[in-house]
Amino acid sequence: NFTMSRKVVRSSKFRHVFGQAVKADQCYDDIRISQMTWDSNFCTVNPRFVAMIVDASGGGAFIVLPLNKTGRIDMSYPTVCGHTGPVLDIEFCPHNDNIIASASEDCSVMVWEIPDNGLTSPLTEPVVKLDGHSKRVGTLSWHPTAHNVLMTAGCDNVLILWNVARGEAMVRMDTVHTDMIYSAVWNRDGSQILTTCKDKIIRILDPRKGTVIAEKEKPHEGTRPVRAVFMSDGKILSTGFSRMSERQVALWDPKNFTEPLTLQELDTGSGVLLPFYDPDTSVVYLGGKGDSSIRYFEVTDEAPYVHYLSMYSGKDSQKGMGYMPKRGLEVNKCEIARFYKLHERKCEPIIMTVPRKSDLFQEDLYPDTIGPEPSVEADDWFAGKEAPPILISLKDGFVATTKSREFKVHKSLLKTTSGSGAGQANSSGVRNCIFNVLYFVKSDACVVNRAIPLASYR
């Protein structure tokens, strides 16, 4: 007697996800991307704008383009150029698509307001300037649910939480980290912060108390920088290097930091792997600076926990990456992620798609996702109020429920404009819908009833 055994392939709806670069005329060309050797994304994007850090003489600058302004960008296109040193990190506010924060080598953080139709002249005056770091500021991140709360981390080993509306530093953590902070991220509801540091320790922090909840020494044995992000269930995914300089990805349970749930070696590349996590699909994308590829994995509750799905490979290496929020994707095309890959002289969107035959809305791919409406104001959050994110449905394209309001610095608190990116997302959804137009073709034998796309009809 003998039994035949065969390998069973793990079932997953994301097993066939594929990445595809857009056509050349949909890229943003002739942009001189910054040459700074700094491990941040260098790009941020929302349903209305894409912003990239660019080379600038005599200071630091970044360019902000409306999403539809593709093709060759003129050398004279206006930039945001108020910093006196190179810009190291930028990020759009999740609650107002016109607001962007920038961190610079000049030790300052600035918050800017971009006009609805983009810049027509160079922008030199920020809405708010935040001074509190004594060395260059390399990392910043907006709070996911609290309005006008910004986290910054500098090379002075200090992490500061700001109330942007008041322009005040509310929490200052200057004794927690003993060396340079590599990265700092929030969890899903903003109740915890996760940092990686040059002292080879990853720390989970209480943001209001400024205390360490848990920490892990040497999550990766190598000396190169480590990156880490929260999973939606509280676990932590980290990327780093082995003692032999092999790149690794690991998953940790903070309740038991002694051993990783899994630790996988990937390759011997030299670039730091930047993780992008989608909590709706539990897919994590790893893009290394200097790589020409994006790997993606599915994170589940069953061993080995981090399951390799596939890899997108392009011709040219990437200098940075922007990641589109879920509300900016085209759901009718089953798009589950969109990256904005920076080359030396251009920005190229990469679309990740789940192949599906049906044209109907795919509810399993698009559960309710985080919307642009904040769930708590800054003063209330600093006073101790927690608030889970306010979710929206993507079924009919995202539609704004409130009118845009003016953005002000306290004097009256900075106002939210939840509708800022709405029109773009909704119109693109409508634009790409197929409208059936009935027309009749007379022939000798019969009258034929056909359906054609509206674009063809026009």
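The values are calculated or read from the model by the stated rules, or taken from the named source; none is laboratory data. Keep in mind it's a predicted model, so treat the numbers as computed, not measured. Because the Cβ atoms are built from the backbone with ideal geometry, glycine has one as well, and the counts that use them run over all protein chains shown. In case anyone asks, the SASA skips ligands and DNA or RNA and just uses the protein heavy atoms, side chains included. Shrake-Rupley method; radii C 1.70, N 1.55, O 1.52, S 1.80 Å.
General observations
- Test: residue 268 is surrounded by fewer than 21 Cβ atoms within 10 Å (Cβ to Cβ) and closer than 30 Å to residue 367 by Cα: no
- Total residues in the range 211-236, condition among the hydroxyl-bearing types (Ser, Thr, Tyr) and either buried (at least 16 other Cβ atoms within 10 Å of the Cβ) or in contact with a Pro (Cβ under 6 Å, 6 or more places away or on another chain) (or both): 1
- Evaluating residue 441 against the criteria (1) hydrophobic (A, V, I, L, M, F, W, C); (2) closer than 24 Å to residue 17 by Cβ; (3) at pLDDT below 85 leaves one unmet condition, (2).
- For the residues 125, 105, 91, 113, the requirement of being of a type in the set (D, E, K, R) and over 29 Å from residue 195 (Cα atoms) singles out 125.
- When residues of the range 317-351 are limited to those that are surrounded by fewer than 21 Cβ atoms within 10 Å (Cβ to Cβ) and among the hydroxyl-bearing types (Ser, Thr, Tyr), the one nearest to residue 397 (Cα to Cα): 323
- Residues satisfying the stated conditions in the range 39-49, i.e. open to solvent by 20 Å² or more (accessible area, probe 1.4 Å) and touching a helix residue (DSSP H, G or I) at 6+ places or on another chain (Cβ under 9 Å): 48
- Every residue from the range 184-236 that is touching a Cys at 6+ places or on another chain (Cβ under 9 Å) and under 20 Å from residue 269 (Cα atoms): 226
- For residue 65, the conditions (1) part of a loop (DSSP other than H, G, I, E, B); (2) buried (at least 18 other Cβ atoms within 10 Å of the Cβ) all hold with the exception of (1).
- Enumeration of residues in the range 247-260 that are among the hydrophobic types (A, V, I, L, M, F, W, C), crowded, with 18+ Cβ neighbours inside 10 Å and farther than 25 Å from residue 370 by Cα: 249, 250
- For the range 168-197, a tally of residues being aromatic (Phe, Trp, Tyr) and either closer than 15 Å to residue 277 by Cβ or open to solvent by less than 20 Å² (accessible area, probe 1.4 Å) (or both) returns 1.
- Qualifying residue in the range 237-246 (condition: within 23 Å of the chain's Cα centre (by Cα), surrounded by 15 or more Cβ atoms within 10 Å (Cβ to Cβ), outside any loop (DSSP other than H, G, I, E, B) and among the polar types (S, T, N, Q)): yes
- For residue 52, the test of being surrounded by fewer than 23 Cβ atoms within 10 Å (Cβ to Cβ) and in contact (Cβ under 8 Å) with a residue 40 or more places away in the chain is failed.
- Answer residue from the range 363-399, given it is farther than 20 Å from residue 168 by Cα and part of a strand (DSSP E or B) and is most open to solvent (accessible area, probe 1.4 Å) among those: 391
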